[in-house]
Amino acid sequence: MSTPQTMTDKNIVDRSRTHKNAAVMKAVRATREQLQHGREISPVFDNEMLRLHINAVLQGAAAPAVLVLLTAIGGLWFDDALWLLAWALMTLVVYAGQILVARRASRGQCTEENFGRWRKRFLAAYALIGLTWALFAYQHCTTCQGDTFIFYKSAVLLIALAATAMTTFSLRYAFYFAAIPAILALAARAAISRDVADFSAFAMICAAALFFAFMSRRLYTTNLKMLSYQTEKDDLIAELEVANSVSDEARRRAEESNLAKSRFLASMSHELRTPLNAILGFSEVMSGEVLGPIENASYKEYVGDIHRSGQHLLNLINEILDLSRIEAGRYELNENALSLADIAEDCIALVQLKARSKNIRIIEAFEENLPMVWADEKAMRQVVLNLLSNAVKFTPSGGEIRIKLGWTAGGGQYLAIKDNGPGIAEEEIPVVLSAFGQGSVAIKSAEQGTGLGLPIVQAILAKHGGEFVLKSKLREGTEGIAILPRNRVLESMAPVEGVSGAAARKKKRAFA
């Protein structure tokens with residue numbers, strides 16, 4: 001026998017063992033706490049938005065350089081001043097520094113711990129970029145005729161602001177750091193020159209900056225919502241994984257419990273049947289007085305009680321094993337062609353003696369020329385015997401039992417057994433159909449059963465694809481209907497030529 005140290009109770013959960021989805025569960029709890037905190041913008045979302053900004057800067061690294069070079073070349077067309085070349089070189093250096101910062105951040109140096117420092121570095125880079133464009137916005141062409149250079153400068157600033165807004169929408173306040181210096185420079189130029197063209201350029205750039213700031217804010221909010229929806233989807237997936245893991249664990253424990261139950265039943269059935277066989281054999285020998293008469297009448301009565309009790313216990317063990325095999329899916333059907341009428345007549349012969357002792361009439365009403373069905377003979381015999389035994393058990397003396405066999409509306413076959421006993425209350429029918437369930441009449445009856453007969457009938461018919469219907473009313477009797485589907489009915493065939501009808505007719509078995 002195994003020691004307690006070597007045995008494991010599979011029904012007990014080891015709380016100390018780390019769950020295989022512990023990381024997922026931890027992430028779910030963290031996300032729930034984060035969502036319950038009530039913040040509009042989560043630090044996790046800020047970090048994700050910064051990563052989106054880093055990717056945008058690296059992917060569009062060539063665009064600012066092209067814009068600066070084209071701006072310098074175009075400006076030289078209007079003015080031969082060398083300040084444009086110096087401005088272009090300085091601006092390219094600033095953009096190169098921004099790209100260098102983004103590349104270092106993309107290599108894993110940007111974490112949740114130092115997120116704030118990297119964000120400040122990017123904002124400082126955009127402030128330097130804004131200063132370079134402010135230097136360009138403040139310049140004025142002295143050799144140009146008319147307002148051509150002002151319009152050119154305004155167009156370049158609009159393009160630069162639009163590009164900056166598209167790049168910086170994922171980094172809050174970055175657009176303001178880049179746009180405000182240029183706007184202040186245009187305001188200073190307009191205040192110094194007091195030229196209508198400068199005021200017009202200032203007003204146009206201000207309006208465009210407000211529009212770009214609005215669009216940048218909208219893009220930021222949209223991306224934030226998308227990240228939030230993505231997080232919620234990830235949370236749902238994580239919760240589903242946790243639920244699936246819990247379900248797998250519960251199924252594993254149920255399978256282990258079922259296996260333990262099957263092993264227990266198999267072991268106990270063997271252990272119980274061995275002494276039961278001795279009890280039944282010796283009690284039968286004693287009740288038959290094979291080795292000599294029993295002078296004491298009470299002893300003889302006790303021997304009969306021992307034999308009946310042992311028989312009842314053996315039937316209980318057999319029924320429990322049958323139901324356990326059916327529930328475990330290990331009840332294999334040995335199917336062949338058989339006649340329900342023959343099985344019904346054999347079972348009637350088996351219970352006829354007990355029915356006559358109670359003066360119960362059994363009335364048969366079988367339709368003629370019913371074809372055979374494809375079913376398990378042993379199982380169908382058990383179905384009919386269980387229904388007949390219940391009917392005889394609960395039918396009072398002098399009552400009657402009607403057995404009908406015929407066609408169903410769908411082309412199948414049915415066997416109905418109806419008695420005129422005390423009946424069952426309608427609310428107790430589900431209880432009667434459950435394992436070990438008994439109605440109030442059965443509990444009060446002196447001839448009680450195990451409560452497994454009808455559940456076994458229902459399970460066997462379900463294995464055949466059929467159905468069991470129980471109809472009953474108090475003081476009107478009970479009717480049990482066993483139904484086999486149409487696909488179980490075999491089509492009748494013409495008799496083989498040369499074989500007489502008497503020889504072709506199947507010989508009925510006698511079990512009386």
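Quick one: in region 382-402, which of the residues that are assigned to a strand (DSSP E or B) and closer than 19 Å to Ser357 by Cβ is least open to solvent (accessible area, probe 1.4 Å)? Explain how you work it out, then say what you get.
The initial filter retains those residues of region 382-402 that are assigned to a strand (DSSP E or B), namely 400-402.
This time we only want the ones that are closer than 19 Å to Ser357 by Cβ, so: 400-401.
Details: Glu400: 43, Ile401: 0 Å².
Taking the candidates together, the pick is Ile401.
Regarding Ala88, is this residue out of contact with any Asp or Glu (no Cβ under 8 Å at 6 or more places or on another chain), at pLDDT below 85, buried (at least 20 other Cβ atoms within 10 Å of the Cβ) and farther than 24 Å from Phe211 by Cβ?
Values: out of contact with any Asp or Glu (no Cβ under 8 Å at 6 or more places or on another chain): yes; at pLDDT below 85: no; buried (at least 20 other Cβ atoms within 10 Å of the Cβ): yes; farther than 24 Å from Phe211 by Cβ: yes.
So Ala88 does not fit the description; no.
Got a sec? Which of Ile180, Ile205 is of a type in the set (A, V, I, L, M, F, W, C), exposed (fewer than 15 other Cβ atoms within 10 Å of the Cβ), modelled with pLDDT of 85 or more and more than 31 Å from the chain's Cα centre (by Cα)?
Numbers: Ile205 fails: exposed (fewer than 15 other Cβ atoms within 10 Å of the Cβ).
Every option except Ile180 fails the conditions.
Residue check: is Glu284 assigned to a helix (DSSP H, G or I), over 30 Å from Leu52 (Cα atoms) and open to solvent by 80 Å² or more (accessible area, probe 1.4 Å)?
Numbers: assigned to a helix (DSSP H, G or I): yes; over 30 Å from Leu52 (Cα atoms): yes; open to solvent by 80 Å² or more (accessible area, probe 1.4 Å): yes.
The answer is yes for Glu284.
Kindly list, by first and then second residue, each pair from a residue in region 468-482 that is surrounded by fewer than 19 Cβ atoms within 10 Å (Cβ to Cβ) to a residue that is in a strand (DSSP E or B) and of a type in the set (D, E, K, R), limited to pairs with Cβ atoms under 6 Å and residues at least 6 apart or on different chains.
Lys471/Glu479
Every residue in region 188-198 that is at pLDDT 85 or above and under 13 Å from Lys153 (Cα atoms), please.
Arg189 - this is the single residue of region 188-198 that is at pLDDT 85 or above and under 13 Å from Lys153 (Cα atoms).
Tell me whether region 140-150 contains one or more residues that are in contact with a helix residue (DSSP H, G or I) (Cβ under 6 Å, 6 or more places away or on another chain), open to solvent by 30 Å² or more (accessible area, probe 1.4 Å), modelled with pLDDT under 85 and closer than 20 Å to Ser216 by Cα.
No, because not a single residue in region 140-150 is in contact with a helix residue (DSSP H, G or I) (Cβ under 6 Å, 6 or more places away or on another chain), open to solvent by 30 Å² or more (accessible area, probe 1.4 Å), modelled with pLDDT under 85 and closer than 20 Å to Ser216 by Cα.
Among the residues of region 213-256, which ones are open to solvent by 90 Å² or more (accessible area, probe 1.4 Å), within 30 Å of Thr168 (Cβ to Cβ) and either aliphatic (A, V, I, L, M) or touching a strand residue (DSSP E or B) at 6+ places or on another chain (Cβ under 7 Å) (or both)?
Met226
Of all residues being closer than 16 Å to Met380 by Cβ and crowded, with 20+ Cβ neighbours inside 10 Å in region 415-430, which is farthest from the chain's Cα centre (by Cα)? Just the residue, please.
Ile417
Quick one: which residue in Ile460, Ile483 is under 17 Å from Leu333 (Cβ atoms), at pLDDT 85 or above and not in a helix (DSSP H, G or I)?
On the way: Ile460 fails: not in a helix (DSSP H, G or I).
Only one candidate qualifies: Ile483.
Of the residues Leu370, Leu338, Leu405, only one is at pLDDT 90 or above, surrounded by 16 or more Cβ atoms within 10 Å (Cβ to Cβ) and at negative phi; which? Full working, then the answer.
Working: Leu370 fails: at pLDDT 90 or above; Leu338 fails: at pLDDT 90 or above.
Result: Leu405 is the single residue among Leu370, Leu338, Leu405 that is at pLDDT 90 or above, surrounded by 16 or more Cβ atoms within 10 Å (Cβ to Cβ) and at negative phi.
Here is a yes/no grid of residues against (1) modelled with pLDDT of 80 or more; (2) among the small types (Gly, Ala, Ser); (3) within 30 Å of Ala391 (Cβ to Cβ):
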site	(1), (2), (3)
Val246	yes, no, no
Arg253	yes, no, no
Phe264	no, no, no
Ser267	no, yes, no
Gly281	yes, yes, no
Leu313	no, no, yes
Leu323	no, no, yes
Arg361	yes, no, yes
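The values are calculated or read from the model by the stated rules, or taken from the named source; none is laboratory data. These numbers come from a predicted model, not from an experiment. FYI the Cβ positions are ideal-geometry reconstructions off the backbone, even for glycines, and counts take in every protein chain you see. Accessible surface areas use protein heavy atoms only, side chains included; no ligands, DNA or RNA. Shrake-Rupley method; radii C 1.70, N 1.55, O 1.52, S 1.80 Å.
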